[in-house]
Amino acid sequence: MVESIAEQMAEKRKAISVSEFFERNKQILGFDSPTKALLTCVKEAVDNSLDACEEARILPSIGVQIEQLDKDGGVYKVIVDDNGPGIVKKQIGSVFAKLLYGSRFHAIRQSRGQQGIGISSCVLYAQITTGRPTKVITKVAEKDTAVVMELMIDTRKNEPSVVKEDVLLWDRPSGTRVELQVKGRYVKAKASVYEYLKQCALVNPHARFTMVEPDGTRTVFERADETLPQVTREVKPHPYGTELGTILRMSKETKSYKITAFLQEAFSRVSARVAQDICEAAGLDPQMRVKDITVEVAQKLIEAFAKVKIMAPETDCLSPIGPVLIRKGLKNVLGAVRPEIYLPPLTRDPRVFGGNPFVVEIGMVYGGDLPKDQPIAILRFANRVPLLYEPGSCAMTKAIENVDWRRYGLEQRGGQGTPVGPLVIMVHIGSTKVPFTSEAKVAVAAVPEIQEEVELALKACARRLKSHLNKKAQREQSREKFTIVSEVLPQIAKMSAQVLEKPVPDISRSLTKIMNVIWIDDRVEWRVPPKPEPPKGKKKAETPVPAPVAATQTTLAGVPPGTPGWHQVAVDVFNYTARTRKMRLHLEVPPEAKIQFGEAEPESIENGRLTWALTIESVKKAEISLTLRGINREDYGENEVFVSEIDPGIVVGAEPLPGDWGVDKLIEESEGGPAREEEDAGGEDEVDVDEVTTVEEDE
Amino acid sequence: MASKAKPKAEGKKARLAPEELYTIAESVYNQLKGGDIPKVDMPLRTKANMEFSKKSGVWQLGKMKGVRSAKKLLGARMLLRTIHLIEFIDEMSRGAKTSTLREMYYISEGWDKGKFDNQGESDLLVEDLEAITHRLREDFRLRPEEAGASVIGNLQIEETNRRGERKRIHCADDVGDSGYNIPSNVEKEKLKIVKWDADFVMAIESGGMFDRLAENGFDEEYRCILVHLKGQPARSTRRLIKRLNEEAKLPVVTFCDCDPWSFRIYGSVAYGAIKTAYISDYLATPSAECLGVIPSDIVRYDLPTDNLNEEDVKALNAMKTDPRFDTVFWRTEIDTMLSLGKKAEQQSLAKYGLEFVSNTYLPQKLTEMGIARR
């Protein structure tokens, strides 16, 4: 978009100075307020560092320091340094002091820099507001010394102007350090440098960030993982959704002669065969020459694209964060705040919008120390860059507002708008071309394909929350009943028998009428092999030592990392109803786990999805146990147990099988609690004495 | 009622507690045996189920029934307690023992899941049993702590004491200054009204006034039997007053402070309390009249007063919707009190000297009410 403005600029005869352009478009570029300006400088520098490190396959360590230069707090020095590959001396000027330069704009692959206007604009801003040059220190691995340069931009020529140059012995093998002096404002609020870095840390768990604030406070966001993000490849645009103007431009730039060759060369996923099909569908001669492509021809091509079957775009141009790292990142950033549960994060399959593939990822954290009566916290990311401004116009926020969160246990007026509750939602959209609402690139445009995909992802993730909350609630309700049947009822039977001098009656049928549920109790424990016994001394033990049992450790304390262990999973299914019940039980485990079964073998195992067929008589139980090996301890916390072929209303402790298991018999999710069955009739219109009686005031 | 044991069948224990209790136990037992969720039906003792019988002039329980079911944890625990209680009463019957409500509460500590959380709960359960079985707790061998009233007057009673001996006591000649203390059980087997020479019964709220009248010899001069209610009267007190009214045919008047709580005392003597509505016919004396102190007395005798506070006003307004006080007399008096904004103690009559109450106030009022012969 900025390019087209530049093109427009070029068309006008009147030469407009760059600084004038800058002044007029401060808002687009991110400098419209002193606070935002400071943030933009940090953002550009940090984004560059992250991109450079990832490309060079170095685990990033980035330091940000903000120094207050004047007493009244209007002028700051922004220092960002990294351990990246450094910049070759020849390039320094172009990178830092030439507007709109950079490889990022033309390559189609997911990158942060695509979203930035470039560090040069920050240099320009510095120069305009404080008149000071920007200092750059950079060293590449091949050289022995670092280069130090102080630069400004010659605004008439849009060329770097080097004020000072030097060499420096630097203590690191490679890296870059930028020092800008700008007018700005430092705040520690929602949309601020600190918050930005914190969210960067969340979404880049492989990076280490250090922040030093103007008052000297130093915060370190440690690396949560050593996995570098996948290398993204450049790809060609996909036919779907490519715009008319783009096709025309591409046809002018291509080296191909014939239209079929052009289609194959310029687009991804177009083979010779597909190119033929496109021409046929468009009613065009495959031998047609590229230079004869007119607006009408381009239009026909667009229509043909929609008709022809073309493979979905490749996705290795995308670098999703992935569920494991999302979870680590969230944990890292929440720090001391302990939630009740980290819901399993979700990375969806890629989709396409406008010829560009995109992938949606969701992470959710619920309950515990999170504040219950405040609006939920929403963290938005596009291409691993935190979006802090304009949440209202962002597709991610809109998708969240469109979901009826009341179904998932949160408060939400009218089922629309931001819900209230102890929840943090993190949404990440990765794409080769993220559509933003404006040039400022602070919010994602609410394009239907994207918003819909985000909504679907949210719902899939929230379903897990719902089943977790349901389980909790059901267990609470049923705990009461459990007490009745296991403790109170037997006593009643015994005492009444005693008073009447009759034999104690068998209460199992009464019991099933009270409970009237299929009660599923599932447990998962982490086990480690028992420690070898220390050699016994000559002293006799005073009490006999019990035989060594497999140690069960449920706390992390004292367990060195990397201790071999396994997950012990047990599921007990009690039939507390009056009749024999047939049903299927399903358990979802990580597909890569090595599973060893106990006595009850499942009917089917498919990609981590296990199914048992059960028949349980009244007042009896079925026991299922298994061990999982080869998974890290923290990667498997709660069992995902589902049931099918049974009324979910009478099941406590498991949700009905969700639709995406591809099982034929699906039962709709039930909204209410355990249903009443025929045997329990008559309970509705009776008045419970203990619920209505109040003590009168008379005596 | 508690007669000597007659062995029923070989090896089986005798059933000496009221039969209705065993019926409850049987019902629960049979329900369990039949595989049902045990439950017990009982009348609802709530305000909504109160009916005022204009015929007998007492509050009674209506027809609404509730149920205690083992479906819910609280219901199940209550059922357990009920069975425990029945078992305890059964045991007491065979040992010819009685127990106070408080002792029973402590005994329940040994009932594990059936333990009561506080005595209020155990008292309520006993009342539930009374309501279900139409029996008094005395039939269950349970008695309350509270002392009954004191009585001074020309009345002779015969009390069967704890050793089974019969003692004749005259409530003026045989007693000290504090009078005869009514026992907690004033049923016919325990207490007999032998003879009397009096024209009416006066139930008095405060101890100070009771002593005043006794000292002034009011009971002799005006041929009345003085009963000290000691605040909100205990069951035994109300029962005795009713028996005096019925058996000795003596009219009853109440003489209390002038404030809403004291009006309630009159209400419980005359109409019955909501809490014990199922036995109002045992305890209430519908013909009892309120002598004073009433709000118009404050005006008439210019008595020293206190201001009504917020709670008093609330209580008065509540009384306006209480059918027990829905008479011309009470409506007028309540309105008077609200507009006065004042209340007064009965002892404030001492403003005019210690003799005033017995020489002037009471004679005047009693004559107006047509009770005294003068």
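The values are calculated or read from the model by the stated rules, or taken from the named source; none is laboratory data. None of the values given here were measured: they were computed from a predicted structure. Don't worry about glycine lacking a Cβ; one is built from the backbone with ideal geometry, like all the others, and counts go over all protein chains shown.
Looking across A:Leu202, A:Leu197, A:Leu180, one residue alone is touching a residue at least 60 places away in the same chain (Cβ under 8 Å), over 24 Å from A:Ser33 (Cβ atoms), surrounded by 20 or more Cβ atoms within 10 Å (Cβ to Cβ) and of a type in the set (A, V, I, L, M). It is A:Leu202.
The criterion of at least 3 residues that are of a type in the set (A, V, I, L, M, F, W, C) and modelled with pLDDT of 90 or more is met by the following strands (runs of 3 or more DSSP E) wholly inside region A:574-620: A:581-588, A:609-616. Residues that are over 18 Å from the mean Cα position of the chain (by Cα), within 16 Å of B:Leu291 (Cα to Cα) and not in a helix (DSSP H, G or I) do occur in region B:216-235.
Check B:Lys13, B:Lys55 and return the single one that is within 7 Å of another protein chain (Cβ to nearest Cβ), modelled with pLDDT under 80 and not in a strand (DSSP E or B). Answer to the check: B:Lys13.
Just one of the numbered conditions (1) surrounded by fewer than 24 Cβ atoms within 10 Å (Cβ to Cβ); (2) more than 14 Å from chain A (Cβ to nearest Cβ); (3) in contact (Cβ under 8 Å) with a residue 24 or more places away in the chain; (4) farther than 19 Å from B:Ala172 by Cβ is not true of B:Lys249: (3). Exactly one residue among A:Ala457, A:Ala473 is under 19 Å from the mean Cα position of the chain (by Cα) and within 30 Å of A:Arg407 (Cα to Cα), and that residue is A:Ala457.
Scanning region A:147-169 for residues that are without any contact (Cβ under 8 Å) to a residue 24 or more places away in the chain and under 40 Å from the mean Cα position of the chain (by Cα) gives A:Val148, A:Glu150.
Could you tell me whether any residue of region A:470-480 is modelled with pLDDT of 85 or more, of a type in the set (A, V, I, L, M) and out of contact with any strand residue (DSSP E or B) (no Cβ under 6 Å at 6 or more places or on another chain)? Reasoning before the result, please.
Residues of region A:470-480 modelled with pLDDT of 85 or more: none.
Among the residues of region A:470-480, not one is modelled with pLDDT of 85 or more, of a type in the set (A, V, I, L, M) and out of contact with any strand residue (DSSP E or B) (no Cβ under 6 Å at 6 or more places or on another chain), which makes the answer no.
Residues are listed down the side, and each one gets a yes or a no for (1) within 12 Å of chain A (Cβ to nearest Cβ); (2) under 17 Å from A:Ser496 (Cα atoms); (3) basic (Lys, Arg):
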{"position": "B:Val40", "(1), (2), (3)": "yes, yes, no"}
{"position": "B:Leu44", "(1), (2), (3)": "yes, no, no"}
{"position": "B:Gln60", "(1), (2), (3)": "no, no, no"}
{"position": "B:Lys71", "(1), (2), (3)": "yes, no, yes"}
{"position": "B:Leu80", "(1), (2), (3)": "yes, yes, no"}
{"position": "B:Arg102", "(1), (2), (3)": "no, no, yes"}
{"position": "B:Asp112", "(1), (2), (3)": "yes, yes, no"}
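Would you point out which residue out of B:Arg373, B:Arg331, B:Arg300 is modelled with pLDDT under 90 and basic (Lys, Arg)? Being modelled with pLDDT under 90 and basic (Lys, Arg) holds for just one of B:Arg373, B:Arg331, B:Arg300, which is B:Arg373.
Which of the residues that make up region B:169-211 are charged (D, E, K, R) and in contact with a Phe, Trp or Tyr (Cβ under 8 Å, 6 or more places away or on another chain)? I'd like the intermediate steps shown before the answer.
Going through region B:169-211, the residues charged (D, E, K, R) turn out to be B:173-174, B:177, B:187-190, B:192, B:195, B:197, B:199, B:205, B:211.
The answer is B:Asp174, B:Asp199, B:Glu205.
Taking the conditions (1) in contact with a His (Cβ under 9 Å, 6 or more places away or on another chain); (2) surrounded by fewer than 18 Cβ atoms within 10 Å (Cβ to Cβ) in turn, A:Leu169 satisfies each one other than (1).
Restricted to region A:461-517, and to residues there that are of a type in the set (D, E, K, R) and either more than 10 Å from every other protein chain (Cβ to nearest Cβ) or touching a Ser or Thr at 6+ places or on another chain (Cβ under 6 Å) (or both), the residue that is surrounded by the most Cβ atoms within 10 Å (Cβ to Cβ) is A:Arg464. Just to be sure, is A:Ser33 surrounded by fewer than 23 Cβ atoms within 10 Å (Cβ to Cβ), of a type in the set (Ser, Thr, Tyr) and out of contact with any strand residue (DSSP E or B) (no Cβ under 8 Å at 6 or more places or on another chain)? So A:Ser33 passes the test.
Being charged (D, E, K, R), in contact with a Ser or Thr (Cβ under 6 Å, 6 or more places away or on another chain) and either in contact (Cβ under 8 Å) with a residue 12 or more places away in the chain or under 30 Å from B:Ile132 (Cα atoms) (or both) narrows it down to one of B:Lys320, B:Lys342, B:Lys275, so name that one. Can you show your working first?
On the way: B:Lys320 fails: in contact with a Ser or Thr (Cβ under 6 Å, 6 or more places away or on another chain); B:Lys275 fails: in contact with a Ser or Thr (Cβ under 6 Å, 6 or more places away or on another chain).
Checking each option against the conditions leaves just B:Lys342.
In this structure, does B:Leu85 turn out to be more than 11 Å from chain A (Cβ to nearest Cβ), touching a residue at least 12 places away in the same chain (Cβ under 8 Å) and crowded, with 17+ Cβ neighbours inside 10 Å? Considered against the rule, which asks whether it is more than 11 Å from chain A (Cβ to nearest Cβ), touching a residue at least 12 places away in the same chain (Cβ under 8 Å) and crowded, with 17+ Cβ neighbours inside 10 Å, B:Leu85 comes out as no. Look at region B:17-38 and say how many of its residues are more than 7 Å from chain A (Cβ to nearest Cβ) and assigned to a loop (DSSP other than H, G, I, E, B). The qualifying residues number 3.
Please determine whether any residue of region A:388-409 is touching a residue at least 60 places away in the same chain (Cβ under 8 Å) and closer than 18 Å to A:Gln199 by Cα. Yes, region A:388-409 has at least one match.
Across region A:428-452, which residue is nearest to A:Thr397 (Cα to Cα) among those that are touching a Pro at 6+ places or on another chain (Cβ under 8 Å) and outside any loop (DSSP other than H, G, I, E, B)? So that I can check it myself, show each step before the final result.
Narrowing region A:428-452 to residues touching a Pro at 6+ places or on another chain (Cβ under 8 Å): A:428, A:430-432, A:443-445, A:447, A:450.
Checking the rest, the ones that are also outside any loop (DSSP other than H, G, I, E, B) come to A:428, A:430-431, A:444, A:450.
Values: A:His428: 12, A:Gly430: 16, A:Ser431: 18, A:Val444: 9, A:Ile450: 12 Å.
Top of the filtered list is A:Val444.
Within region B:114-137, being of a type in the set (A, V, I, L, M), closer than 19 Å to B:Thr98 by Cα, in contact with a helix residue (DSSP H, G or I) (Cβ under 7 Å, 6 or more places away or on another chain) and within 11 Å of chain A (Cβ to nearest Cβ) holds for one residue alone: B:Leu125.
When B:Lys275 is tested against (1) closer than 30 Å to B:Lys342 by Cβ; (2) more than 10 Å from every other protein chain (Cβ to nearest Cβ), exactly one condition is not met: (2).
None of A:Asn332, A:Asn383, A:Asn356 is at pLDDT below 85 and surrounded by 22 or more Cβ atoms within 10 Å (Cβ to Cβ) except A:Asn356.
Quick one: count up the residues across region A:621-660 that are part of a strand (DSSP E or B) and surrounded by 18 or more Cβ atoms within 10 Å (Cβ to Cβ). Show your work before the answer.
Let us first name the residues in region A:621-660 that are part of a strand (DSSP E or B), namely A:621-629, A:640-644, A:651-652, A:655-656.
Now narrow it down to the ones that are surrounded by 18 or more Cβ atoms within 10 Å (Cβ to Cβ): A:622, A:624, A:626, A:628, A:640-644, A:651-652, A:655-656.
Residues that pass the stated criteria total 13.
Whether any residue in region A:282-293 is within 30 Å of A:Ala224 (Cβ to Cβ) and not in a loop (DSSP other than H, G, I, E, B) is what I want to check. No; the residues of region A:282-293 include none that is within 30 Å of A:Ala224 (Cβ to Cβ) and not in a loop (DSSP other than H, G, I, E, B).
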